[in-house]
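Below is one structure, written out as structure tokens, with a few remarks after it.
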Amino acid sequence: MASQLPRVCVTGGGGFIASWLVKLLLARGYAVHATVRDPCDPKNAHLKQLDGAPENLHLFKADVLDCETLTPAVQGCQGVFHLATPVPEDKILHPDLDVLDPAVKGTLNVLKVCSTLKVHKVVVMSSNAAVTSNPNWPQDRIKDESCWSDTEFCKEKEDWYSLAKTLAEQEALEYARNNGLNVVTLCPPFVFGPLLQSSVNASSKLLIYVIKGGPDVMTNRMWEIVDVRDVADALLLLYEKNQSSGRYICSPNRVCTRDLVDLLKKMYPEYDYVNNVVDADHAGPPLSSQKLRDLGWEPRKLESTLSDSVQSYEKAGLLQDVPGNPCRLPFLIRAWL
Ligand SMILES: NC(=O)c1ccc[n+]([C@@H]2O[C@H](COP(=O)([O-])OP(=O)(O)OC[C@H]3O[C@@H](n4cnc5c(N)ncnc54)[C@H](OP(=O)(O)O)[C@@H]3O)[C@@H](O)[C@H]2O)c1
């Protein structure tokens, strides 16, 4: 009976990562409440096709800026996975409206509803953006969960997305301390992998650009990469393990742009690939995912992520050339090069 299953809520359920989490939760026998901003939008149609969805998936129309819409979605749930945050692809003109408020106020709204409804555990999706933008971190020291992005540095660089993710995660952990709510956070780097949804999210656009090439110059910077299915596994692991606490980095792969292109070319020589790659100055220290691995997290190899991504893009026709419409890097990513 559906009513006897453990019940959890996933905010932003139609997004790239959340869709894989919903799929995993249904497969593991959870009843899932997924929030979407528009249940009738065809971009959320894939959720209804997931195995187990007709019986155990319930869609709720909710905006994280409106507590009243969140309450019915969280009601009756033992756990909440908060993933809804805008990942703006274009230049951010109104930082508060476009990203800071939905990220920071939105997270606090979700947590307040969770406190009121006595949710047992909340897993909040943060990002490497909340970890790595820290110019004062020693170059020879591996970045672990004690490393936070420097909010003043983010402001100076007008890196509003990193600022939003950093403030949202800090506020979430502080809210948890002050209100006795069980909150853990996950900080993934660039997430690649097959798409379940019909739209294309920002991080997938980066890999598609690397494969297709286009007018935007890339630097030979280091990319930290994780598979979307391993992120879903990590979120569920954090939820199910009683001992999980605080923040977790999940950053298993590190590769520079040219090595990423070479790796892809060996598997799929038929594509053009980005060829305007210029040298980069700083590689920066790597990140450690040891805390998450100690909980039992076992991510797959980068090669599997890349080949499954390419096959998914091919199936969706995303690697075909569109005459007069060159492939571009999302502004968000151009700003990080
Ligand atoms: N992909 C990555 O490389 C990566 C890496 C680290 C962390 N993350 C984090 O992972 C989460 C999911 O990202 P994603 O890559 O899966 O991106 P995505 O596909 O763009 O998903 C973002 C989701 O947030 C929802 N959303 C945005 N503003 C909202 C609001 N005001 N109220 C309710 N929902 C709202 C969107 O709903 P609509 O469809 O209605 O717009 C969408 O479902 C985000 O928190 C992101 O910061 C992503």
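The table that follows gives values for the structure above.
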item: Helix-only CD estimate at 222 nm, as mean residue ellipticity for the chain, using -39500 (n - 2.57) per DSSP H run (n ≥ 4); result: -10500 deg cm²/dmol
item: Options VAL277, ASN253, LEU235, ranked by Cα towards positive dipole end of the stretch 213-292, top entry (Cβ charges); result: LEU235
item: Antiparallel bridge percentage (DSSP; both residues within the chain; nearest 5); result: 10
item: Kirkwood Rh and Cα Rg combined as Rg/Rh, the stretch 33-135; result: 0.99
item: Sparsely packed trypsin sites (Lys or Arg not before Pro) within the stretch 278-329, loop by DSSP, other Cβ within 10 Å at most 11; result: LYS301
item: The chain: angle of helix 16-27 to the longest principal axis, Cα-based, in degrees nearest 10; result: 50
item: Lysines whose Cα lies under 19 Å from that of LYS143, excluding same-chain neighbours fewer than 8 positions away; result: LYS165, LYS291
item: Nearest-20 debye value, the stretch 17-163 charge dipole, Cβ charges on Lys, Arg, Asp, Glu; result: 640
item: Net charge dipole size for the chain [Lys, Arg +1 and Asp, Glu -1 on Cβ; Debye, nearest 20]; result: 720
item: Three-way shape call for the stretch 181-250 based on the alpha-carbon gyration tensor, with the a/c threshold at 1.5; result: prolate
item: Helix 257-267 vs. the chain, principal-axis angle (Cα, 0 to 90°, nearest 10); result: 90
item: Residue-wise HN-Hα coupling along the stretch 124-134, computed from phi with Karplus coefficients 6.51, -1.76, 1.60 (Hz; x: Gly, Pro); result: 9, 7, 9, 5, 4, 4, 8, 10, 8, 7, 9
item: Additional length obtainable on full extension of the chain from LEU93 to ALA45, 0.36 nm per residue less Cα span; result: 14.2 nm
item: Under 9 Å, Cβ to Cβ, from LEU65 - net charge with Lys/Arg +1 and Asp/Glu -1; result: -2
item: Protection proxy ranking of 262-270, 81-89 - average other beta-carbon atoms within 10 Å, highest first; result: 81-89, 262-270
item: 13 Å beta-carbon shell around PRO6, net charge (K/R +1, D/E -1); result: +2
item: Measure of compaction for the chain (Cα Rg per 2.2 N^0.38 Å); result: 0.96
item: Degrees, to the nearest 10: 202-212 long Cα axis against longest axis of the chain; result: 20
item: Local electrostatic count at ASN44 - Lys and Arg +1, Asp and Glu -1, tallied over other residues with Cβ under 15 Å; result: +2
item: Out-of-range pairs (alpha-carbon distance over 25 Å; input LYS91/LYS205; LYS61/LYS155; LYS157/LYS212; LYS157/LYS301); result: LYS61/LYS155; LYS157/LYS212; LYS157/LYS301
item: Distance (nanometres) between label positions extended 7 Å along Cα→Cβ at GLU174 and SER307; result: 4.7
item: THR219 long-range amide H proximity, modeled H, under 5 Å; result: VAL278
item: Model label zone, GLU240; criterion: amide N under 15 Å from point 7 Å along Cα-to-beta-carbon; scope the stretch 256-297; result: 295-297
item: Fully extended contour minus Cα-Cα distance, from ASP321 to GLN78, at 0.36 nm per residue; result: 82.8 nm
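Taken together, the values in this text are just the output of simple stated rules run on the coordinates, not laboratory data. Owing to the predicted nature of the structure, the values given are computational and were not obtained by experimental measurement. When we count neighbours, we look across all protein chains shown, and the Cβ atoms used for this are built from the backbone with ideal geometry, even at glycine.
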